[in-house]
Every structure is written in structure tokens, then in C-alpha cells.
């Protein structure tokens, strides 16, 4: 349950939810843009960026829509 919660708390999840929403109504189609990730770990923005190979430009665009800085861990 906490692993699902960690995914739902990422800025990337919020960004994808934003594009699926369109109205105040929440139905199944709202989640069309959100991929089903394995819940074998706690998700962070950094892990999602790595998994889906987002570019710096992608991350900047997400930040411009969500209004929060996407936390990226550098190795």
C-alpha cells in the first residue's frame, strides 16, 4: 500500500493525472495516461525519470505544469 502511495505522491504521477482529468469528474478515463508500474519498490520522481527515459526538457516541462521542482537524484 505504501509503495502505491509513494507512486501517487510523485510529481510525475500528478502531471499525468492533470492531463487525464480535463474536468472535475473523476472516472476511469482519468487514469488513461498513467502507466501501471510494478509495486515492488517505493517510487520517486528520479526512478520514474530513469524508467521512462525522460530528458531534461521533459522534466522542465513537467515542472512548468505542476509548479513543483521534480526531485532528481544524481548518482
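Throughout, read-outs are computed from the coordinates displayed, never taken from laboratory work. Because the structure is predicted, anything quoted here is derived from the model rather than measured. Cβ atoms come from the backbone with ideal geometry, glycine included; neighbour counts cover every protein chain shown.
Once every DSSP H run of n ≥ 4 in the chain is given -39500 (n - 2.57) and the sum is divided by its residues, what mean residue ellipticity at 222 nm do you get, rounded to the nearest 500 deg cm²/dmol?
-14000 deg cm²/dmol
Using the 10 angstrom Cβ neighbour count as an exposure proxy, how do 55, 44 rank, fewest first?
By the 10 Å Cβ count, ascending: 55, 44.
Need one number: nm distance between label points at residue 25 and residue 56, each 7 Å from Cα along Cα→Cβ, rounded to one decimal.
Reported label-point gap for residue 25 and residue 56 is 4.3 nm.
In which sequence would 1, 8 go, from the one with the fewest C-beta neighbours within 10 Å to the one with the most?
Going from sparsest to densest Cβ surroundings: 1, 8.
Using Cα Rg over 2.2 N^0.38 Å as the read-out, say which of [x] 1.75; [y] 1.10; [z] 1.98 was calculated from these coordinates.
The value matching this structure is [y].
Arranged by the count of other C-beta atoms within 10 angstrom, fewest first, what order do 60, 6 take?
Numbers: 60 11, 6 16.
So the ranking, lowest neighbour count to highest, is 60, 6.
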